1. Over all alpha-carbon pairs of region 1-89, lay out the pair-distance distribution in 10 Å bins, whole %, shortest bin first.
2. Please express the shape of region 82-205 as an equivalent ellipsoid: the semi-axes are the square roots of 5 times the eigenvalues of the C-alpha gyration tensor, given largest first in whole angstrom.
3. Write down the Kirkwood hydrodynamic radius of region 10-243, to one decimal in angstroms, obtained as one divided by the mean of 1/r over all alpha carbon pairs.
4. Please report, in debye to the nearest 20, how large the charge dipole of the chain is about its Cα centre when each Lys and Arg carries +1 at its beta carbon and each Asp and Glu carries -1 there.
5. Could you tell me how many degrees, from 0 to 90 and to the nearest 10, lie between the Cα long axis of helix 10-37 and the main elongation axis, the longest principal axis, of the Cα atoms of the chain?
6. By its C-alpha gyration tensor, with a ≥ b ≥ c as the square roots of the eigenvalues, how is region 67-134 shaped: rounded for a/c under 1.5, else prolate for a/b larger than b/c, else oblate?
7. As I understand it, the value is the acute angle between the Cα axis of helix 67-83 and the longest principal axis of the Cα atoms of the chain; what does it come to in degrees, rounded to 10?
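Read-outs: derived from the displayed coordinates by stated rules, not from any lab. Given the structure is predicted, the values throughout are model-derived calculations rather than measurements. Positions of Cβ are backbone-derived with ideal geometry, glycine not excepted, and every protein chain shown enters the neighbour counts.
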Amino acid sequence: MAQSPRELTIREHLEEFRRRLVVAAGATVLTTALTLAFHRYLLQLLVYPAEVALGHKPPLVFTTVTEMLGISFKVSLMGGLVLAIPIWAYEALMFVSPGLTPRERRAIFIFVPGITLAFVAGVMFGYFVLIPPALRFLLTFNTDIAQPFIGIGNYVNLIINLLFWLGVVFETPVVMFVLARMRVVNYRVFLRGQRLAIVGAFVLGALITPTFDPINQALVAGPIIVLYYVGILLAWLARPRERRRP
């Protein structure tokens, strides 16, 4: 007769957590080394929106000896983390999977690619939709009084922060689906919180965008609101039995 799976002790859980953390961190080291080899192309991609906004290549400078080296490593690390997102998601889901039912486990693992795709979609939205008008506003405001003299560190940090947080925000529907599938909440809870979500979207829009104009803030808040309602739909689809109840 087949034996039932043995429950792990706290020590064994910690050992498994450490092992999966080491695997994910090792994958990040490898992907970071890969992006380091192409960091010049990544820097050129990050500079391109400013070139579009100004109509010419911006006069980027670095003011300390180690600034350019530090920015190059930071860009490489962020690129490595993005490439390693599927590994981190897989290891995290494998760690919690013993506590899930087989049906929940299958549904969650199907959405492992969705986690990566949602983050990439947020990055692409920021790169092509949000950043160009924001930079156009920032780099042309009162240029008859003073010309922009941009530090490479300040510029790259601004772009990376924008792209990262937009990628995180675009994970909203995936997180809502997972929470509904694991029966933590259901779509009715999200429906009741829609007013708060709309207010929160505009607050996030004000925090994420580097400008104070309402147009760029609305460019961020609008997609967040749409993503929230997409998440409600996914949460509704995640619990088919509840949809059949009166």
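1. Pair shares across the bins are 15, 28, 24, 15, 9, 6, 2, 0.
2. Over the Cα atoms of region 82-205, the semi-axes work out to 37, 19, 9 Å.
3. 19.9
4. With Lys and Arg at +1 and Asp and Glu at -1, about 1260 debye.
5. 30
6. In terms of gyration-tensor shape, oblate.
7. The helix 67-83 is inclined about 30 degrees to the chain.
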